[in-house]
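Student: Let me give you the structure first, and then I'll get to my questions.
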4 protein chains.
Amino acid sequence: MAERPLFIAVVGSASCDEPVAALARAVGQEIGRRGAVLVCGGRGGVMEAACQGAKAQGGITVGILPGPDRREANRYVDIPIVTGLGDARNAVVVRSADAVVAVSGGYGTLSEIGLALKMGRPVVGLGTWELSQQGRPAAAIVRADTPLQAVEEAIALAKMRIGEDGW
Amino acid sequence: MAERPLFIAVVGSASCDEPVAALARAVGQEIGRRGAVLVCGGRGGVMEAACQGAKAQGGITVGILPGPDRREANRYVDIPIVTGLGDARNAVVVRSADAVVAVSGGYGTLSEIGLALKMGRPVVGLGTWELSQQGRPAAAIVRADTPLQAVEEAIALAKMRIGEDGW
Amino acid sequence: MAERPLFIAVVGSASCDEPVAALARAVGQEIGRRGAVLVCGGRGGVMEAACQGAKAQGGITVGILPGPDRREANRYVDIPIVTGLGDARNAVVVRSADAVVAVSGGYGTLSEIGLALKMGRPVVGLGTWELSQQGRPAAAIVRADTPLQAVEEAIALAKMRIGEDGW
Amino acid sequence: MAERPLFIAVVGSASCDEPVAALARAVGQEIGRRGAVLVCGGRGGVMEAACQGAKAQGGITVGILPGPDRREANRYVDIPIVTGLGDARNAVVVRSADAVVAVSGGYGTLSEIGLALKMGRPVVGLGTWELSQQGRPAAAIVRADTPLQAVEEAIALAKMRIGEDGW
């Protein structure tokens, strides 16, 4: 490709209520509008809403699926990666991204946040887990108040990472 | 085997200070003393201290290593599993356990807590991450104040799990 | 997407001589020309030549990398998937494909052939491993004499598979 | 442990006829009798027969399971590793071993042979796949005529490997 795109992961639950889906959709739109590739776990809920948003803006979507069958992918996934790895695929989702946006989310999302931080991927949170140890909040997750802000932060952090490491 | 042992995972950082190592060692001793198999990531820090404790009580230790080489295992690992999977091996550590004891810990430990809760494995925490969402603490991690209490809780919860699912 | 593309994997060694590279390049061209997505391990040799061929025809290329870093990808990979899984990523390459074309190849390629056949993915071979047991040749690999024939066979077999299972 | 044991993998199909099971059982017995740890995929067929043989000689057996549940293990597995990785677990089986004995076997076994050879693990074959390329047989698999010979070869090759790399 002429120029290398950024890869931004969106992580969140495979089922969610409409307000959370609306947030995820808006995150996907901002990612698609900026020409970044959206990477996710390829399933429903937050993942589907984010992919829908990205496709509405002509973006490209990658779904890294846990199960053994491509039909698990939501309809907005362009490139389904069929891992058959179960929850271990979470490590592949975040490792393939330059930055991660976490939208709300359950325990799977918590594991993706932990893996991303372990691997040095910046994590931007939108209504997601708050972490502390010994009563002291951990500042590892960059908090955002809106989808626009979340994606702008994620892209800025991703560019810094790219700057350090090359593509 | 005449009777199936329980498998208890101990998760925590690959490097730690001596007070944390002492906690991990005591956790390992309690696991070994009760005849449960200690499962861990096989490396240094909390993992090594826990294995040392278990071996001191004649226990069996399994180390599920991230890298491609068995020599990464600490010296107290009886059964090294060499995955070459990198951080994705965290999913194998917790999936192989009936219950998980988290001792202090960093982001890798956070990912193991998330994966364990996702998979329905009970997690007992000893000075580890505290989780909340929208300002509300999440009660998913069972808090313990001492290594003895942590292991007793983990074994009780593991037995309940076994009771539900069989070995 | 309006219509779902086929996903064809090309497997072969990470280093190869020019005659084998020419075969792989021609395989990639035929895949790209037909609008199928080329999936591979993302590295050099056969993988790079196949990606180069596909890109020359405006195709899309996916590289499922073994290591922890995107920079391992050859320059013709559009969508790098960074697994960090080592050789275990071979299972993800073939599982993500509707059919597999094996071009020459070493032991890694042999493992991908075995995994593909285990998972029910059709395998077309171009100068690759020949298998037998107890002196009887195994007919599992469909032999092709030219890149054109290999890709036509792979696409025909992939369509049959899709017909059975849906996308 | 006072002295580090060798780890010998036995690979073969999850279902097999009695003559093949008898071979696998004899292989397991020889492994157990020599104090090596038997590593396998933990399921039925060749894996179960090999574990049974090893246990009859007081050996230790490790089963690295593909699915998400320990109950998939055959009854002769002492240490079940529950990967949830599907066929990608084959890479973990062979990477955890110092040498591999392949007994008959199907496509999964073929993939394990390929992965083992790729990783530099010696492979001893007992009535298993024969490999050739361009009509020339590949000499990579050491052929054995009896279970005793297979295990003696595997242990000799494993010791050479240990000698090179340390434990």
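The values are calculated or read from the model by the stated rules, or taken from the named source; none is laboratory data. Since we're looking at a predicted model, the values are computed, not measured. Because the Cβ atoms are built from the backbone with ideal geometry, glycine has one as well, and the counts that use them run over all protein chains shown. These accessible areas exclude ligands, DNA and RNA; they are computed on the full protein's heavy atoms, side chains included. Shrake-Rupley method; radii C 1.70, N 1.55, O 1.52, S 1.80 Å.
Student: Based on the alpha-carbon set only, what is the convex hull volume of the stretch C:107-161 divided per residue, in Å³? Before the final figure, lay out each step's value.
Tutor: On the way: hull volume 4.7 nm³, N = 55.
Roughly 85 Å³ of hull volume per residue.
Student: Shielding by partners for C:30-38, please: the mean number of other protein chain Cβ atoms within 10 Å of each residue's Cβ.
Tutor: 0
Student: Still on this structure, please answer the following. Could you sort D:K118, B:K55 by their accessible area in this structure, using a 1.4 Å probe and putting the largest first? Working shown, then result.
Tutor: Numbers: D:K118 100, B:K55 60 Å².
Most to least solvent-accessible, the answer reads D:K118, B:K55.
Student: Oh, and also: Below 8 Å, C-alpha to C-alpha, sequence gap of six or more: please give me the relative contact order for the stretch A:27-121 in percent. The partial results should precede the final answer.
Tutor: Details: 175 pairs, mean separation 21.5, N = 95.
Value for the stretch A:27-121: 23 percent.
Student: Still on this structure, please answer the following. Shortest first and in nm with one decimal, please list how far the A:G120 label point sits from its counterparts in the other copies (point 7 Å along Cα→Cβ).
Tutor: 2.5, 3.8, 4.2
Student: Karplus couplings for the stretch B:66-83 from phi (6.51 cos²θ - 1.76 cosθ + 1.60, θ = phi - 60°), rounded to Hz, Gly and Pro as x?
Tutor: Residue by residue, the stretch B:66-83 yields x, x, x, 9, 5, 5, 5, 5, 6, 6, 9, 7, 7, 10, x, 9, 9, 8 Hz.
Student: A follow-up question, please. Take the alpha-carbon centre of the stretch D:74-132, take the same for the stretch C:108-167, and report the distance between them in whole Å.
Tutor: Result: 21 Å between the Cα centres.
Student: Show B:I64, D:I60, C:I155 ordered by accessible area, largest first, where the area counts protein heavy atoms only and the probe is 1.4 Å.
Tutor: D:I60, C:I155, B:I64
Student: Extending each Cα 7 Å along its Cβ direction at B:K159 and A:A56, get the distance between those two points in nm, one decimal.
Tutor: Those two pseudo-labels are separated by 5.4 nm.
Student: Now, a different point. Can you list the distances in nanometres, one decimal and ascending, from the D:G135 label point to the identical position in each other copy, with the point 7 Å along Cα to Cβ?
Tutor: Once sorted, the set of distances for D:G135 reads 2.0, 8.0, 8.1 nm.
Student: For chains C and D, what's the summed buried accessible area, probe 1.4 Å, to the nearest 100 square angstrom? Show your work: numbers first, answer last.
Tutor: On the way: alone 8260 and 8280 Å², together 14190 Å².
In total, this chain pair buries about 2400 Å².
Student: Which single residue of chain C puts its beta carbon nearest to the axis of rotation relating C to B, and what distance, in whole Å, does that give?
Tutor: For chain C, the closest residue to the axis carrying it onto B is C:L85, 3.
Student: While we're looking at this one, here's another question. Residues of the stretch D:132-152 losing 40 Å² or more of accessible surface, assembly versus chain alone, probe 1.4 Å, please list them.
Tutor: For the stretch D:132-152, once contacts with the other chains are taken into account, D:S132, D:Q133, D:Q134 lose 40 Å² or more.
Student: Another one. For the stretch B:107-159, what is the relative contact order in percent, using Cα pairs closer than 8 Å and at least 6 residues apart in sequence?
Tutor: Working: 43 pairs, mean separation 17.5, N = 53.
Once divided by the residue count of the stretch B:107-159, the mean separation gives 33 percent.
Student: Let me ask something else. Report, to the nearest whole %, how much of the accessible area of the stretch D:8-167 belongs to carbon and sulfur atoms, 1.4 Å probe, protein only. It would help to have the intermediate numbers written out before the result.
Tutor: Numbers: 2600 of 5210 Å².
Carbon with sulfur: 50 percent of the solvent-accessible area.
Student: Taking square-rooted eigenvalues a ≥ b ≥ c of the alpha carbon gyration tensor, is the protein assembly as shown rounded, prolate or oblate, where a/c under 1.5 means rounded and, failing that, a/b exceeding b/c means prolate?
Tutor: Working: a/c = 1.95, a/b = 1.00, b/c = 1.95.
Here the protein assembly as shown falls in the oblate category.
Student: Would you work out which of A:V100, A:I8, A:A24 lies farthest towards the positive end of the dipole of the stretch A:1-103, given +1 charges on the beta-carbon of Lys and Arg and -1 on that of Asp and Glu, about the Cα centre?
Tutor: So the residue furthest toward the plus end is A:I8.
Student: Roughly how crowded by other chains is peptide C:63-75, in terms of the mean Cβ count from those chains within 10 Å of each of its Cβ atoms? Please list the in-between numbers first.
Tutor: Numbers: counts 0, 5, 3, 2, 2, 5, 4, 10, 3, 0, 2, 0, 3.
Mean shielding by partner chains, rounded to a whole number: 3.
Student: Return the subset of B:K118/B:K159; C:K118/C:K159; C:K118/D:K118; A:K118/D:K118; B:K159/D:K55 for which the Cα-Cα distance in this structure is over 23 Å, preserving the input order.
Tutor: On the way: B:K118/B:K159 19 Å; C:K118/C:K159 19 Å; C:K118/D:K118 19 Å; A:K118/D:K118 29 Å; B:K159/D:K55 26 Å.
Exceeds cut-off: A:K118/D:K118; B:K159/D:K55.
Student: Inter-copy label distances at B:G163, 7 Å along the Cα→beta-carbon direction, one decimal in nm, shortest first?
Tutor: Taking the point 7 Å beyond Cα along Cα→Cβ, the inter-copy spacings are 5.5, 5.5, 5.8 nm.
Student: Return the calculated 222 nm mean residue ellipticity for chain D, to the nearest 500 deg cm²/dmol, obtained by summing -39500 (n - 2.57) across DSSP H runs with n ≥ 4 and dividing by the residue count. Walk me through the intermediate numbers first.
Tutor: Numbers: 5 runs with 66 residues, N = 167.
Using -39500 (n - 2.57) per qualifying helix, the result is -12500 deg cm²/dmol.
Student: With every protein chain kept in place and ligands, DNA and RNA left out, what is the accessible area per residue of the stretch D:45-155? Probe 1.4 Å, answer in Å². Write down the numbers at each step before the final one.
Tutor: Working: 3190 Å² over 111 residues.
Per residue, the stretch D:45-155 has an accessible area of 29 Å².
Student: Further question: Once amide H atoms are built 1.01 Å from N in the peptide plane, which residues 5 or more positions from B:G125, or in another chain, come under 5 Å H to H?
Tutor: Here B:A102, B:V142, B:R143, B:A144 satisfy the definition.
Student: While we're looking at this one, here's another question. Nearest 20 debye, what's the magnitude of the dipole of chain C about its Cα centre given +1 on Lys and Arg Cβ and -1 on Asp and Glu Cβ? Walk me through the numbers before you get to the answer.
Tutor: Working: 17 positive and 17 negative charges, 49 e Å.
Its charge dipole is roughly 240 debye.
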